[in-house]
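Any read-out appearing in this document is the output of simple, stated calculations on the displayed coordinates, not a laboratory observation. Keep in mind that what you see is a predicted model, and the values were worked out from it rather than measured. For neighbour counting, all protein chains shown are included, and Cβ atoms are generated from backbone atoms with ideal geometry for every residue, glycine included.
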Amino acid sequence: MSNPMSDIKGLAEKLRGLKEEKNAVILAHNYQLPEVQDNADILGDSLQLAVDASKTDSEVIVFCGVDFMAETAKILAPERTVLHPDPEAKCPMAAMCEVEFLQAKREEHPDAIVVSYVNTTADVKARTDICCTSANAVKVVRSVAEKEVIFTPDRNLGLYVQRFVPDKEIILWPGFCATHHSRITVEDLQALKDRHPEAEVMVHPECTPEVIDFADHVFSTGGMVRHARESARTEFIVGTEKEMAYRLSVDFPNKTFHPLEKAVCPNMKRITLEKVVRSLESLSPAIELSREIIERARRPLERMVDIGRDE
Ligand code: 13P
Ligand code: SF4
């Protein structure tokens with residue numbers, strides 16, 4: 001539940017003072033509540049936030065997003081204090097790949113390389129050859145020499161990547177995002193399209209193959225921002241978590257964005273402005289990872305960052 005406007009103003013003011021006092025930067029994912037987006041220093045997709053975390057000069061990073069994103073920031077900026085205002089804001093898909101099963105899969109396919117979506121635990125990243133986000137999954141898989149790729153954990157993203165790399169065998173994992181897999185259907189998009197026939201349909205690659213076939217474009221959340229900026233079109237149906245449409249409407253007030261109201265990620269919504277303020281006041285909860293995990297998970301993440309975005 002978000003706060004009344006007067007509280008938000010007061011919290012925002014408090015946050016400004018605390019940021020200066022603690023030398024902190026607020027990073028927020030595009031699915032965050034409007035009150036959090038409005039008060040972030042940097043808003044972005046998983047890849048951009050990882051890059052920005054690795055480059056920041058601030059002593060403290062307050063990460064407004066789900067657990068794997070805050071962990072990624074800590075791995076790429078281990079000397080910083082990385083705060084995650086609600087540790088219960090977890091991505092359920094990240095829990096769908098467990099290290100024991102990954103190890104077994106590697107033994108089954110000794111010639112395969114392991115590419116893991118950044119939506120994984122730090123332990124899985126530590127046992128991964130190269131990470132990717134939805135902004136560069138195709139480029140990452142194309143970049144590897146191996147013909148067999150174990151792709152964890154999002155099956156839909158793996159299927160999407162397979163369309164662009166027919167020369168490789170993608171060994172899929174049975175993971176999925178409930179928000180994208182079940183709450184965004186062709187029927188939902190068709191109903192919006194019937195109401196807004198001029199709108200272009202953009203969807204996230206975590207959606208099902210049928211939804212992807214229906215869409216005009218498939219993008220990471222950062223790709224949606226870029227497309228909305230560059231496209232001559234002025235009306236869009238936003239086939240991803242609903243707050244993405246808020247982000248786009250703020251950036252492009254002269255264009256219209258239609259969200260799917262039921263496409264909510266309840267995990268992302270756990271971070272409120274009040275929790276952000278409390279976290280910065282107390283400098284907790286902070287992400288803690290062992291030195292060993294940080295060292296092992298860093299390499300696949302750095303490879304991901306170095307590759308950059310799909311064209
Ligand atoms: P992006 O990297 O496209 O922002 O997506 C992150 C995510 O969790 C999608 O559900
Ligand atoms: Fe995880 Fe899905 Fe939420 Fe993204 S939208 S953070 S994949 S549960």
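Summary of values
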{"read-out": "Expected 222 nm ellipticity per residue - DSSP helices of 4 or more, -39500 (n - 2.57), all of the chain, to 500", "value": "-13000 deg cm²/dmol"}
{"read-out": "Net charge of neighbours whose Cβ lies under 11 Å from the Cβ of residue 221, counting Lys and Arg as +1 and Asp and Glu as -1", "value": "-2"}
{"read-out": "Amide H contacts of residue 64 (H built 1.01 Å from N, under 5 Å, at least 5 apart or other chain)", "value": "27, 28, 29"}
{"read-out": "For residue 256, residues with placed amide H under 5 Å, excluding near neighbours", "value": "235, 236"}
{"read-out": "Packing-based ranking, highest mean first, of 201-210, 177-186 given that Cβ atoms within 10 Å are counted", "value": "201-210, 177-186"}
{"read-out": "Loop-resident sites, the stretch 28-78, for GluC sites (Glu not before Pro), counting at most 15 other Cβ within 10 Å (DSSP)", "value": "59"}
{"read-out": "Ratio Rg/Rh, restricted to the chain and using Cα atoms, in which Rh is the Kirkwood radius", "value": "0.96"}
{"read-out": "Size of charge dipole - the chain - debye, nearest 20, with Cβ of Lys, Arg +1 and Asp, Glu -1, no other charges", "value": "280"}
{"read-out": "The stretch 280-296 - phi-based ³J(HN,Hα) in whole Hz, Karplus 6.51/-1.76/1.60, Gly and Pro as x", "value": "6, 4, 9, 6, 7, x, 9, 6, 10, 9, 5, 4, 5, 5, 4, 5, 6"}
{"read-out": "For the stretch 162-177, Karplus couplings with θ = phi - 60° (6.51, -1.76, 1.60), whole Hz, Gly/Pro x", "value": "4, 4, 9, 10, x, 7, 10, 9, 9, 8, 7, 10, x, x, 6, 9"}
{"read-out": "Shape of the stretch 154-277, Cα gyration tensor, a/c cut at 1.5", "value": "oblate"}
{"read-out": "Scattering curve values for the stretch 244-311, log₁₀ I(q)/I(0), Debye with Cα scatterers, q = 0.11, 0.14, 0.22 Å⁻¹", "value": "-0.59, -0.90, -0.99"}
